[in-house]
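Structure record follows, encoded as structure tokens.
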Ligand SMILES: NC(=O)c1ccc[n+]([C@@H]2O[C@H](COP(=O)([O-])OP(=O)(O)OC[C@H]3O[C@@H](n4cnc5c(N)ncnc54)[C@H](OP(=O)(O)O)[C@@H]3O)[C@@H](O)[C@H]2O)c1
């Protein structure tokens, strides 16, 4: 959103019945309580992906890097809920976290959502971990017609061989985000039809 806009004010103006991004405090509050609501599209897409691939999350240690309202925070809440997928023990990391490498090395599941290309290196990931790369950053690349390449937060080439599952960038979480947003939009239209 442009800097001169007050993000909080704008979000509070959204009609919760049409809040397909799941950003309104009413949607977030319901999500925290486990009530049916619109879930922010990126964490929702990741939950759908974990379910689709039947990835065991119960009792696992999930480390979420990033605590934004649109990705890290809701992701950490969803993974900790008593649901399937869910039931993780969750550690939320951010820019003030100390010993991030040691924390990541304890993780069965890592969600990297910080916006720092190639941040998560192979020596920060334990063998057979599940790594979910949310990051999307444009990096200058003269070999591309566009002049840039899209990079994730994970050093994919070196991390992938250690993982049981890993999402690529592009072609991973970004696509799931679009799918989840479409699902929220469809569900909103159904609610409207019923009214
Ligand atoms: N794939 C998708 O569909 C999708 C959707 C949304 C966003 N994204 C991408 O995901 C990334 C994150 O997005 P966002 O909106 O959550 O970003 P954001 O609002 O900038 O939040 C970044 C988070 O990362 C933390 N962080 C920054 N540097 C760190 C470091 N060195 N170590 C540990 N934590 C650090 C920040 O900590 P502090 O809170 O302490 O500042 C903050 O909590 C971006 O690349 C964005 O483009 C992708």
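A short reminder: the numbers here are calculations on the coordinates, not readings from a lab. Note that this is a predicted model, so its numbers are computed, not measured. Virtual Cβ from ideal backbone geometry, glycine too; neighbours counted across all protein chains shown.
Some points to look at:
- Residue that is surrounded by the most Cβ atoms within 10 Å (Cβ to Cβ) [pool: residues in segment 113-131 that are part of a loop (DSSP other than H, G, I, E, B) and either within 11 Å of the ligand (Cβ to nearest atom) or without any contact (Cβ under 8 Å) to a residue 12 or more places away in the chain (or both)]: 113
- Within segment 62-84, residues that are without any contact (Cβ under 8 Å) to a residue 40 or more places away in the chain have Cβ atoms under 6 Å from residues that are within 15 Å of the ligand (Cβ to nearest atom) and assigned to a loop (DSSP other than H, G, I, E, B) in these pairs: 67/94; 73/67, counting only partners at least 6 apart in sequence or on another chain.
- Take the conditions (1) under 30 Å from residue 16 (Cβ atoms); (2) in contact with a helix residue (DSSP H, G or I) (Cβ under 9 Å, 6 or more places away or on another chain); (3) more than 9 Å from the ligand (Cβ to nearest atom); residue 189 misses just one of them, which is (2).
- Sole residue being more than 14 Å from the ligand (Cβ to nearest atom), under 21 Å from residue 159 (Cα atoms) and touching a helix residue (DSSP H, G or I) at 6+ places or on another chain (Cβ under 9 Å), chosen from 78, 105: 105
- Filter pass, residue 176 being surrounded by fewer than 19 Cβ atoms within 10 Å (Cβ to Cβ), within 30 Å of residue 16 (Cβ to Cβ) and in contact with a helix residue (DSSP H, G or I) (Cβ under 9 Å, 6 or more places away or on another chain): no
- Residue count, segment 95-130 (criterion: touching a strand residue (DSSP E or B) at 6+ places or on another chain (Cβ under 6 Å) and more than 28 Å from residue 40 (Cβ to Cβ)): 1
- One residue stands out in segment 90-112 among those that are free of Cβ contacts under 8 Å to residues at least 40 places away in the same chain and under 16 Å from the mean Cα position of the chain (by Cα): the one that is surrounded by the most Cβ atoms within 10 Å (Cβ to Cβ), namely 93.
- Residues in segment 147-172 that are surrounded by 15 or more Cβ atoms within 10 Å (Cβ to Cβ) and part of a loop (DSSP other than H, G, I, E, B): 152, 153, 155, 167, 169, 172.
- For segment 45-75, residues that are near the ligand (Cβ under 9 Å from one of its atoms) and out of contact with any strand residue (DSSP E or B) (no Cβ under 7 Å at 6 or more places or on another chain) total 7.
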